[in-house]
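Read-outs throughout are calculated quantities, based only on the coordinates presented, and are distinct from any laboratory measurement. None of the values given here were measured: they were computed from a predicted structure. With ideal geometry, Cβ positions are generated from the backbone for all residues, glycine too; neighbour counts draw on all protein chains shown.
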Amino acid sequence: MYRKAEWELQRAFGSDRHSLSVLARYGSSLGTDLPLVEGFSLGGFQNLSGYADRQIIANRAGFARAVYAWRLGGAGPVASSFYLGGSLEVGEIRDRINAASNSESSRLGSRFNDVLLASSLFFAADTALGPLYLAIGFGEGGERAAYLFLGRP
């Protein structure tokens with residue numbers, strides 16, 4: 001048996017061509033051990049962008065990010081708007097429950113129970129088929145990830 005609690009706060013700000021969104025999230029197993037599928041995950045686009053999706057899973061995790069986007073304008077029939085943006089992200093992991101590979105351990109050292117920084121740069125467009133994102137993520141220890149989404153990431 002396990003227990004689990006999570007909270008999340010998010011706020012968006014915008015004017016003219018500029019937008020900023022901030023998010024803070026924290027999850028805890030309340031002193032119990034979570035099964036792998038129930039663990040709090042970090043990794044993926046704007047969730048420690050330099051790391052693969054769900055690369056880090058833990059019994060306790062905190063996360064915060066700020067995402068800025070600049071609207072470039074419209075392009076007519078292909079896309080109604082184009083955007084350039086970036087994110088700054090920080091995650092804190094405690095009591096990791098998925099095993100790290102040896103190569104991952106050598107890149108990140110002892111930082112599996114500490115604070116990790118990441119960021120992303122992205123290009124986005126509002127298309128007739130839905131939002132389109134092309135992004136690259138950067139993480140500590142040389143971690144990198146590339147993203148292409150059509151639809152909501």
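Structure data summary
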item	result
Cβ-placed point charges (K, R +1; D, E -1), dipole of the chain about Cα centre in debye, nearest 20	140
Computed lengthening from TYR26 to PHE149, 0.36 nm per intervening residue step minus Cα-Cα distance	41.7 nm
Convex hull volume per residue for the chain, taking Cα atoms only, in Å³	107
Potential lengthening between LEU72 and GLU6 on full extension [0.36 nm per residue; Cα-Cα distance subtracted]	20.2 nm
For peptides 74-81, 86-93, 2-9, sequence by mean Cβ density within 10 Å, most packed first	86-93, 74-81, 2-9
Computed helical MRE - 222 nm, the chain, DSSP H runs ≥ 4 contributing -39500 (n - 2.57), nearest 500	-1000 deg cm²/dmol
Additional length obtainable on full extension of the chain from GLU92 to ALA64, 0.36 nm per residue less Cα span	9.2 nm
